Structure formats: C-alpha cells, structure tokens
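The values are calculated or read from the model by the stated rules, or taken from the named source; none is laboratory data. Since this is a predicted model, take the numbers as computed values, not measurements. Positions of Cβ are generated from backbone atoms using ideal geometry, with glycine treated the same way; all protein chains shown enter the neighbour counts. Heads up: the accessible areas ignore ligands, DNA and RNA and are worked out on the full protein's heavy atoms, side chains in. Shrake-Rupley method; radii C 1.70, N 1.55, O 1.52, S 1.80 Å.
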Amino acid sequence: MRSVLSFDKVDSKVHSKIENFHKDVVAEVQAAVQTHKIVVVGMAQNPVVKSARKLLKEKNLDFHYLEYGSYMSFWKQRLAIKLWSGWPTFPQVFIDGKLIGGFSDLKKHFDQA
C-alpha cells in the first residue's frame, strides 16, 4: 500500500480545503459508481480511455461514462478524482463498485474471467 500523509500530520486549517476540493465532482463519481455496474471515468482525446470504452462495447457491456475535460481543461477536477481514488491515471474503471484500475487492468479482468 502506498504511503499517505497521516490525517494528524495535516494542519486543521487545511482539512476543509482537502474535504471541499471539487467535492461535487467526487460526489458525482461516487454516485455513478454506486448506481451503475460498470463506470468508466475519463477525459477527451485520451486514446487509452477510448480503448477501454471500445473494449466494453465489443463485449456488449453497458457502462456509464463520465468525462472530465481534455488535456488542457478540467485538470483540477481530474486531480480531485485521482486524490479520492488513489489511482494516478485515466481511465479509471469501476466494476460492481470496485476500482479495478485502467485499460490494461480491464483487459486482464476479462482475460481472467
């Protein structure tokens, strides 16, 4: 497990900023993950995100897609999602409420099934 700064090592004035950093976006992703069997969180113009969506379509699987900007826009919203999930890249693929990783992890998931 990766090291994460302990909550007691963060100044109390900072806690609110952390908790409120694009919390609307995080809440949207959380709600989608709770509502849909498969959720892909991604961004425009990213070929790996497109590959994940294409693989799910080829498998005839319904999924919910959330897109947050492209390389030059919405980077703070994407950062909030990364901080929440702990996953450093996009896409972020959730199946049955569980983060399974990105595109290569999605391929492995189907290879093991």
Quiz item: What's the longest piece of the chain with no exposed trypsin sites (Lys or Arg not before Pro), counting a site as exposed if DSSP puts it in a loop and it has at most 13 other beta carbons within 10 Å?
Solution: 60-113
Quiz item: Is there a pair in K17/K50; K17/K37; K23/K108; K23/K57; K37/K82 whose C-alpha atoms are over 26 Å apart, and which pairs would that be?
Solution: K17/K50; K17/K37; K23/K108; K23/K57
Quiz item: Using Cα atoms only, what is the angle between the long axis of helix 75-85 and the major principal axis of the chain, expressed in degrees (0 to 90) to the nearest 10?
Solution: 90 degrees
Practice problem: Under 1.5 on a/c is rounded, so check that first for region 15-73, then, if it is not, pick prolate when a/b is larger than b/c and oblate when it is not; a ≥ b ≥ c are the square roots of the alpha carbon gyration tensor eigenvalues. | Solution: oblate
Quiz prompt | Estimated 222 nm signal from helices in the chain, with DSSP H stretches of n ≥ 4 weighted -39500 (n - 2.57), rounded to 500 | solution = -14500 deg cm²/dmol
Quiz item: Counting only protein heavy atoms, what percent of the accessible surface of the chain is carbon or sulfur at a 1.4 Å probe?
Solution: 55 percent
Quiz item: Do you know the relative contact order of region 68-113, to the nearest whole percent, from alpha carbon pairs under 8 angstrom that are 6+ apart?
Solution: 20 percent
Practice problem: Please tell me the relative contact order of the chain in percent, rounded to the nearest whole number, where contacts are Cα pairs under 8 Å and at least six residues apart. | Solution: 29 percent
Practice problem: Please give the length that would be gained between W75 and D105 if that part of the chain were fully extended, namely 0.36 nm times their separation in residues minus their C-alpha to C-alpha distance (nm, one decimal). | Solution: 8.5 nm
Self-check item: region 17-52 residues near the modelled L83 label - backbone nitrogen below 19 Å, point 7 Å along Cα→Cβ
Solution: 17-31, 42
Practice problem: Please list the non-local residues whose amide H lies under 5 Å from the amide H of I100, H modeled 1.01 Å from N, same-chain partners needing a gap of 5 or more. | Solution: V93, F94, I95
Practice problem: Based on a Kirkwood Rh over C-alpha pairs, give the Stokes-Einstein translational diffusion coefficient of the chain at 4 °C and viscosity 1.567 mPa s in µm²/s. | Solution: 86 µm²/s
Practice problem: Calculate the dipole size of the chain relative to its Cα centre from +1 charges on Lys and Arg beta carbons and -1 charges on Asp and Glu beta carbons; express the result in debye to the nearest 20. | Solution: 260 debye
Self-check item: Å² per residue, accessible surface of region 1-63 at 1.4 Å
Solution: 74 Å²
